[in-house]
Amino acid sequence: MAKRRKKVKTNSNYLSYIVWILSFIVVISASLAVGYHFGYNDAKKDTNLVQKNKENTNLAILQKLEKDNVKTENKSVNDRLKEVLKQSPIKDVGANHEYEEELLAKPPIRVKREITRPSTKPKLAIILDDVSVKSQVEAIKKLNLPLTMSFLPPSKNRPNSAILASKEDFYMVHLPMEAKSFTKEEPFTLIVSDSQLKIRDRIEKVKKLFPRVRYINNHTGSKFTSNEMAVNKLISSLNVNNINFIDSRTTADTKVPKVMKNFGLKYVARDVFLDHQMDKPYIKEQIKKAIKIAKSHGTAIAIGHPHANTLLAIAESKKLFKDVELVLVNELY
(Lines give C-alpha, C1' and ligand atoms only; values in the text may rest on other atoms or scores of the structure.)
Protein backbone atom coordinates (compact mmCIF):
# COMPACT_ATOMS: atom_id res chain seq x y z
CA MET A 1 0.00 0.00 0.00
CA ALA A 2 2.85 2.41 0.84
CA LYS A 3 4.51 1.91 -2.47
CA ARG A 4 1.23 2.56 -4.31
CA ARG A 5 0.70 5.95 -2.61
CA LYS A 6 4.22 7.07 -3.55
CA LYS A 7 3.58 6.35 -7.19
CA VAL A 8 0.41 8.41 -7.21
CA LYS A 9 2.26 11.30 -5.62
CA THR A 10 4.95 11.04 -8.23
CA ASN A 11 2.41 11.07 -11.04
CA SER A 12 0.68 14.08 -9.51
CA ASN A 13 3.93 16.02 -9.39
CA TYR A 14 4.65 15.13 -12.98
CA LEU A 15 1.25 16.47 -14.10
CA SER A 16 1.85 19.71 -12.19
CA TYR A 17 5.11 20.23 -14.01
CA ILE A 18 3.39 19.72 -17.35
CA VAL A 19 0.66 22.22 -16.42
CA TRP A 20 3.25 24.79 -15.39
CA ILE A 21 5.23 24.26 -18.57
CA LEU A 22 2.14 24.56 -20.74
CA SER A 23 1.10 27.69 -18.85
CA PHE A 24 4.54 29.14 -19.38
CA ILE A 25 4.35 28.36 -23.10
CA VAL A 26 0.92 29.97 -23.31
CA VAL A 27 2.20 33.10 -21.53
CA ILE A 28 5.26 33.29 -23.78
CA SER A 29 3.12 32.77 -26.90
CA ALA A 30 0.68 35.41 -25.76
CA SER A 31 3.54 37.79 -25.07
CA LEU A 32 5.02 37.11 -28.44
CA ALA A 33 1.64 37.60 -30.07
CA VAL A 34 1.09 40.89 -28.25
CA GLY A 35 4.62 41.98 -29.04
CA TYR A 36 4.19 41.06 -32.66
CA HIS A 37 0.92 42.95 -32.79
CA PHE A 38 2.35 46.11 -31.34
CA GLY A 39 5.58 45.67 -33.26
CA TYR A 40 3.67 45.17 -36.47
CA ASN A 41 1.62 48.28 -35.81
CA ASP A 42 4.74 50.27 -35.02
CA ALA A 43 6.44 48.93 -38.11
CA LYS A 44 3.35 49.70 -40.15
CA LYS A 45 3.32 53.22 -38.76
CA ASP A 46 6.98 53.60 -39.59
CA THR A 47 6.39 52.24 -43.09
CA ASN A 48 3.43 54.58 -43.59
CA LEU A 49 5.50 57.48 -42.35
CA VAL A 50 8.31 56.63 -44.76
CA GLN A 51 5.80 56.22 -47.58
CA LYS A 52 4.14 59.49 -46.69
CA ASN A 53 7.48 61.26 -46.57
CA LYS A 54 8.36 59.73 -49.90
CA GLU A 55 5.04 60.84 -51.38
CA ASN A 56 5.54 64.33 -49.99
CA THR A 57 9.03 64.43 -51.46
CA ASN A 58 7.72 63.25 -54.84
CA LEU A 59 4.91 65.78 -54.66
CA ALA A 60 7.39 68.55 -53.92
CA ILE A 61 9.54 67.42 -56.84
CA LEU A 62 6.53 67.28 -59.15
CA GLN A 63 5.37 70.70 -58.01
CA LYS A 64 8.82 72.11 -58.66
CA LEU A 65 8.96 70.48 -62.08
CA GLU A 66 5.49 71.77 -62.87
CA LYS A 67 6.49 75.23 -61.73
CA ASP A 68 9.65 75.06 -63.83
CA ASN A 69 7.64 73.86 -66.83
CA VAL A 70 5.15 76.67 -66.40
CA LYS A 71 8.01 79.11 -66.25
CA THR A 72 9.46 77.58 -69.40
CA GLU A 73 6.12 77.58 -71.20
CA ASN A 74 5.40 81.11 -70.06
CA LYS A 75 8.87 82.33 -70.88
CA SER A 76 8.06 85.49 -72.72
CA VAL A 77 8.39 85.92 -76.45
CA ASN A 78 10.57 88.87 -75.52
CA ASP A 79 13.20 86.64 -73.93
CA ARG A 80 13.15 84.13 -76.78
CA LEU A 81 13.52 86.84 -79.39
CA LYS A 82 16.30 88.51 -77.45
CA GLU A 83 18.17 85.21 -77.25
CA VAL A 84 17.95 84.72 -81.02
CA LEU A 85 18.79 88.33 -81.85
CA LYS A 86 21.90 88.20 -79.66
CA GLN A 87 23.42 86.03 -82.40
CA SER A 88 23.05 88.79 -84.97
CA PRO A 89 26.27 90.58 -85.95
CA ILE A 90 24.24 93.50 -87.31
CA LYS A 91 23.82 96.40 -84.90
CA ASP A 92 20.30 97.74 -84.44
CA VAL A 93 19.71 101.16 -85.91
CA GLY A 94 16.48 103.06 -86.22
CA ALA A 95 14.48 103.31 -89.41
CA ASN A 96 15.56 106.92 -89.68
CA HIS A 97 18.70 105.69 -91.46
CA GLU A 98 16.43 105.30 -94.47
CA TYR A 99 15.79 109.03 -94.72
CA GLU A 100 18.15 110.75 -92.31
CA GLU A 101 19.31 113.02 -95.11
CA GLU A 102 15.92 114.72 -95.05
CA LEU A 103 16.73 116.36 -91.69
CA LEU A 104 13.08 116.12 -90.76
CA ALA A 105 11.62 115.96 -87.28
CA LYS A 106 9.03 113.56 -88.65
CA PRO A 107 9.33 110.85 -91.30
CA PRO A 108 8.09 111.53 -94.86
CA ILE A 109 4.32 111.73 -95.11
CA ARG A 110 2.40 108.67 -96.12
CA VAL A 111 0.34 108.31 -99.24
CA LYS A 112 -2.84 110.38 -99.12
CA ARG A 113 -5.93 108.32 -99.80
CA GLU A 114 -9.63 108.92 -99.54
CA ILE A 115 -11.54 107.37 -96.66
CA THR A 116 -13.41 104.29 -97.82
CA ARG A 117 -15.46 101.51 -96.28
CA PRO A 118 -13.83 98.18 -97.11
CA SER A 119 -16.33 95.49 -98.09
CA THR A 120 -14.09 92.74 -96.71
CA LYS A 121 -11.90 92.46 -93.64
CA PRO A 122 -9.12 95.06 -93.84
CA LYS A 123 -5.70 93.76 -94.84
CA LEU A 124 -2.40 94.84 -93.34
CA ALA A 125 1.02 93.89 -94.66
CA ILE A 126 4.13 94.43 -92.55
CA ILE A 127 7.41 94.52 -94.46
CA LEU A 128 10.60 93.99 -92.49
CA ASP A 129 13.51 95.58 -94.35
CA ASP A 130 17.25 94.96 -94.04
CA VAL A 131 16.89 91.21 -93.44
CA SER A 132 20.34 89.77 -94.07
CA VAL A 133 21.43 87.20 -91.45
CA LYS A 134 20.12 83.92 -90.09
CA SER A 135 19.38 85.17 -86.57
CA GLN A 136 17.05 87.83 -87.98
CA VAL A 137 15.15 85.28 -90.07
CA GLU A 138 14.80 82.95 -87.07
CA ALA A 139 13.58 85.74 -84.81
CA ILE A 140 10.98 86.84 -87.37
CA LYS A 141 9.72 83.29 -87.88
CA LYS A 142 9.37 82.75 -84.12
CA LEU A 143 6.56 85.30 -84.16
CA ASN A 144 4.44 82.89 -86.24
CA LEU A 145 2.90 85.75 -88.18
CA PRO A 146 2.74 86.38 -91.95
CA LEU A 147 5.46 89.04 -92.11
CA THR A 148 7.13 89.97 -95.40
CA MET A 149 10.90 89.76 -95.27
CA SER A 150 12.77 92.12 -97.59
CA PHE A 151 16.38 90.95 -98.03
CA LEU A 152 19.35 93.19 -98.73
CA PRO A 153 21.60 91.99 -101.58
CA PRO A 154 24.71 90.05 -100.47
CA SER A 155 27.75 91.97 -99.27
CA LYS A 156 30.90 91.33 -97.27
CA ASN A 157 28.99 91.65 -93.99
CA ARG A 158 25.96 89.70 -95.20
CA PRO A 159 27.24 87.11 -97.72
CA ASN A 160 24.35 84.67 -97.20
CA SER A 161 21.31 86.93 -97.63
CA ALA A 162 20.33 85.43 -101.01
CA ILE A 163 20.78 81.88 -99.68
CA LEU A 164 18.55 82.66 -96.71
CA ALA A 165 15.90 84.13 -99.00
CA SER A 166 15.93 81.05 -101.21
CA LYS A 167 14.63 79.00 -98.27
CA GLU A 168 11.54 81.15 -97.89
CA ASP A 169 8.28 80.65 -99.80
CA PHE A 170 7.95 84.38 -100.35
CA TYR A 171 10.36 87.27 -100.00
CA MET A 172 11.19 90.72 -101.29
CA VAL A 173 14.48 92.45 -102.14
CA HIS A 174 15.43 95.68 -100.38
CA LEU A 175 17.46 97.37 -103.11
CA PRO A 176 19.88 100.20 -102.15
CA MET A 177 19.41 103.46 -104.05
CA GLU A 178 21.21 106.78 -103.96
CA ALA A 179 20.38 109.06 -101.03
CA LYS A 180 20.70 112.83 -100.91
CA SER A 181 23.44 112.52 -98.30
CA PHE A 182 25.40 109.92 -100.21
CA THR A 183 28.41 108.72 -98.24
CA LYS A 184 29.15 105.11 -99.10
CA GLU A 185 27.87 103.01 -101.97
CA GLU A 186 26.59 99.57 -101.03
CA PRO A 187 26.68 96.60 -103.40
CA PHE A 188 24.00 96.89 -106.11
CA THR A 189 23.25 100.53 -105.24
CA LEU A 190 21.46 102.36 -108.04
CA ILE A 191 22.52 105.95 -108.55
CA VAL A 192 20.87 108.72 -110.54
CA SER A 193 23.63 108.90 -113.15
CA ASP A 194 23.39 105.18 -114.00
CA SER A 195 22.49 104.45 -117.63
CA GLN A 196 19.46 102.46 -118.62
CA LEU A 197 21.76 99.60 -119.59
CA LYS A 198 23.54 99.61 -116.23
CA ILE A 199 20.30 99.69 -114.25
CA ARG A 200 18.84 96.86 -116.30
CA ASP A 201 22.05 94.86 -115.78
CA ARG A 202 21.83 95.42 -112.02
CA ILE A 203 18.22 94.28 -111.91
CA GLU A 204 19.05 91.16 -113.93
CA LYS A 205 21.89 90.32 -111.51
CA VAL A 206 19.53 90.79 -108.59
CA LYS A 207 17.08 88.39 -110.20
CA LYS A 208 19.82 85.79 -110.68
CA LEU A 209 20.60 86.01 -107.00
CA PHE A 210 16.93 86.07 -106.01
CA PRO A 211 15.24 84.10 -108.84
CA ARG A 212 11.75 84.15 -107.27
CA VAL A 213 11.69 87.86 -106.46
CA ARG A 214 8.45 89.56 -107.51
CA TYR A 215 8.62 92.68 -105.35
CA ILE A 216 11.39 95.19 -104.71
CA ASN A 217 11.36 98.21 -102.41
CA ASN A 218 14.01 100.89 -102.03
CA HIS A 219 16.65 101.03 -99.32
CA THR A 220 17.28 104.77 -98.68
CA GLY A 221 16.99 106.26 -102.19
CA SER A 222 15.75 109.78 -101.39
CA LYS A 223 17.81 111.22 -104.27
CA PHE A 224 17.10 108.41 -106.69
CA THR A 225 13.32 108.22 -106.19
CA SER A 226 12.98 112.00 -106.38
CA ASN A 227 14.52 111.96 -109.88
CA GLU A 228 11.90 111.22 -112.50
CA MET A 229 14.34 110.07 -115.19
CA ALA A 230 16.07 107.66 -112.80
CA VAL A 231 12.74 106.22 -111.68
CA ASN A 232 11.71 105.78 -115.33
CA LYS A 233 14.83 103.67 -115.97
CA LEU A 234 14.14 101.59 -112.88
CA ILE A 235 10.47 100.87 -113.58
CA SER A 236 11.26 100.02 -117.20
CA SER A 237 13.91 97.50 -116.09
CA LEU A 238 11.64 95.99 -113.45
CA ASN A 239 8.83 95.53 -115.98
CA VAL A 240 11.12 93.58 -118.29
CA ASN A 241 11.90 91.22 -115.40
CA ASN A 242 8.28 91.00 -114.19
CA ILE A 243 9.09 92.64 -110.85
CA ASN A 244 6.77 95.02 -108.99
CA PHE A 245 8.01 98.10 -107.15
CA ILE A 246 6.82 99.21 -103.72
CA ASP A 247 7.81 102.75 -102.83
CA SER A 248 9.27 102.95 -99.31
CA ARG A 249 8.64 106.71 -99.49
CA THR A 250 11.95 107.78 -98.01
CA THR A 251 11.27 111.26 -99.37
CA ALA A 252 8.17 113.39 -99.75
CA ASP A 253 9.49 114.37 -103.21
CA THR A 254 9.17 110.88 -104.64
CA LYS A 255 8.43 110.74 -108.36
CA VAL A 256 7.36 107.11 -108.28
CA PRO A 257 3.59 107.88 -108.29
CA LYS A 258 3.92 109.94 -111.48
CA VAL A 259 6.10 107.39 -113.26
CA MET A 260 3.84 104.48 -112.29
CA LYS A 261 0.86 106.38 -113.65
CA ASN A 262 2.70 107.01 -116.92
CA PHE A 263 3.40 103.28 -117.21
CA GLY A 264 -0.25 102.47 -116.45
CA LEU A 265 0.75 100.65 -113.27
CA LYS A 266 -0.77 100.76 -109.80
CA TYR A 267 1.18 102.81 -107.31
CA VAL A 268 1.86 100.86 -104.12
CA ALA A 269 3.65 102.48 -101.21
CA ARG A 270 4.41 102.39 -97.55
CA ASP A 271 1.78 103.97 -95.28
CA VAL A 272 3.60 103.86 -91.94
CA PHE A 273 7.18 103.46 -90.74
CA LEU A 274 7.01 101.46 -87.53
CA ASP A 275 10.40 102.15 -86.03
CA HIS A 276 11.48 105.67 -86.89
CA GLN A 277 12.11 105.72 -83.15
CA MET A 278 13.42 102.61 -81.46
CA ASP A 279 11.38 102.47 -78.24
CA LYS A 280 8.58 99.93 -77.95
CA PRO A 281 5.78 102.32 -76.91
CA TYR A 282 6.37 104.39 -80.05
CA ILE A 283 6.42 101.31 -82.27
CA LYS A 284 3.18 100.01 -80.73
CA GLU A 285 1.50 103.34 -81.46
CA GLN A 286 2.70 103.10 -85.06
CA ILE A 287 1.21 99.61 -85.30
CA LYS A 288 -2.12 101.00 -84.10
CA LYS A 289 -1.86 103.74 -86.70
CA ALA A 290 -1.25 101.18 -89.46
CA ILE A 291 -4.28 99.16 -88.33
CA LYS A 292 -6.42 102.31 -88.31
CA ILE A 293 -5.36 103.14 -91.88
CA ALA A 294 -6.14 99.59 -93.00
CA LYS A 295 -9.60 99.82 -91.45
CA SER A 296 -10.21 103.14 -93.19
CA HIS A 297 -8.90 102.22 -96.63
CA GLY A 298 -9.19 98.45 -96.80
CA THR A 299 -5.42 97.93 -97.02
CA ALA A 300 -2.24 99.32 -95.50
CA ILE A 301 1.50 98.71 -95.65
CA ALA A 302 3.78 99.22 -92.67
CA ILE A 303 7.56 99.00 -92.87
CA GLY A 304 9.82 98.06 -89.99
CA HIS A 305 13.15 96.38 -89.41
CA PRO A 306 14.22 93.14 -87.69
CA HIS A 307 15.38 94.92 -84.56
CA ALA A 308 14.64 93.58 -81.09
CA ASN A 309 12.20 96.29 -80.05
CA THR A 310 10.35 96.17 -83.37
CA LEU A 311 9.83 92.42 -83.16
CA LEU A 312 8.93 92.60 -79.50
CA ALA A 313 6.38 95.33 -80.18
CA ILE A 314 4.82 93.22 -82.95
CA ALA A 315 4.72 90.18 -80.66
CA GLU A 316 3.05 92.17 -77.90
CA SER A 317 0.49 93.61 -80.35
CA LYS A 318 -0.93 90.32 -81.58
CA LYS A 319 -4.32 91.00 -80.00
CA LEU A 320 -4.60 94.20 -82.03
CA PHE A 321 -4.35 92.27 -85.28
CA LYS A 322 -7.76 90.64 -84.69
CA ASP A 323 -9.37 93.66 -86.36
CA VAL A 324 -7.43 93.13 -89.59
CA GLU A 325 -6.15 90.31 -91.73
CA LEU A 326 -2.38 90.27 -91.48
CA VAL A 327 -1.06 89.17 -94.89
CA LEU A 328 2.06 88.99 -97.01
CA VAL A 329 2.39 91.95 -99.33
CA ASN A 330 1.57 89.89 -102.43
CA GLU A 331 -1.90 89.22 -100.98
CA LEU A 332 -2.85 92.88 -100.75
CA TYR A 333 -3.83 93.50 -104.37
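The values are calculated or read from the model by the stated rules, or taken from the named source; none is laboratory data. Because the structure is predicted, anything quoted here is derived from the model rather than measured. Backbone-built Cβ (ideal geometry, glycine too); neighbour counts: all protein chains shown.
Report, by residue number, each residue of segment 200-225 that is surrounded by 20 or more Cβ atoms within 10 Å (Cβ to Cβ) and hydrophobic (A, V, I, L, M, F, W, C). The answer is Ile203, Val206, Phe210, Val213, Ile216, Phe224.
Return the only residue of Ala139, Ala162 being within 11 Å of Phe210 (Cβ to Cβ) and of a type in the set (A, V, I, L, M). It would help to see each step written out before you state the result.
Numbers: Ala139 fails: within 11 Å of Phe210 (Cβ to Cβ).
None of the others qualify; the one that does is Ala162.
In segment 182-201 there is at least one residue that is in the same structural domain as Lys134 (by TED's automatic domain parsing), modelled with pLDDT of 95 or more and assigned to a strand (DSSP E or B).
Filtering segment 242-253 to residues that are free of Cβ contacts under 8 Å to residues at least 40 places away in the same chain and assigned to a loop (DSSP other than H, G, I, E, B) leaves Asn242, Asp253. Note on segment 185-199: among residues that are among the charged types (D, E, K, R) and touching a residue at least 24 places away in the same chain (Cβ under 8 Å), the one that is surrounded by the most Cβ atoms within 10 Å (Cβ to Cβ) is Asp194.
A single entry from Asn239, Asn309 fulfils the requirement of being touching a helix residue (DSSP H, G or I) at 6+ places or on another chain (Cβ under 7 Å) and part of a helix (DSSP H, G or I): Asn309. The lone criterion from (1) within 23 Å of Ile140 (Cα to Cα); (2) surrounded by fewer than 18 Cβ atoms within 10 Å (Cβ to Cβ); (3) polar (S, T, N, Q) left unmet by Ser296 is number (1). Screening Thr299 on (1) at pLDDT below 95; (2) closer than 20 Å to Asn244 by Cβ shows it passes everything except condition (1). Hey, could you check segment 148-169 for residues that are part of a loop (DSSP other than H, G, I, E, B) and touching a helix residue (DSSP H, G or I) at 6+ places or on another chain (Cβ under 6 Å) and say which is surrounded by the most Cβ atoms within 10 Å (Cβ to Cβ)? Here the residue is Leu152.
Evaluating Phe224 against the criteria (1) assigned to a helix (DSSP H, G or I); (2) in contact with a helix residue (DSSP H, G or I) (Cβ under 6 Å, 6 or more places away or on another chain); (3) farther than 22 Å from Phe263 by Cα; (4) hydrophobic (A, V, I, L, M, F, W, C) leaves one unmet condition, (3). When only residues in segment 230-255 that are out of contact with any Leu (no Cβ under 9 Å at 6 or more places or on another chain), more than 18 Å from Ala302 (Cα to Cα) and among the hydrophobic types (A, V, I, L, M, F, W, C) count, which is surrounded by the fewest Cβ atoms within 10 Å (Cβ to Cβ)? The extreme case among them is Val240.
Within segment 264-306, the set of residues being aliphatic (A, V, I, L, M) and outside any helix (DSSP H, G or I) comprises Leu265, Val268, Ala269, Val272, Leu274, Met278, Ala300, Ile301, Ala302, Ile303.
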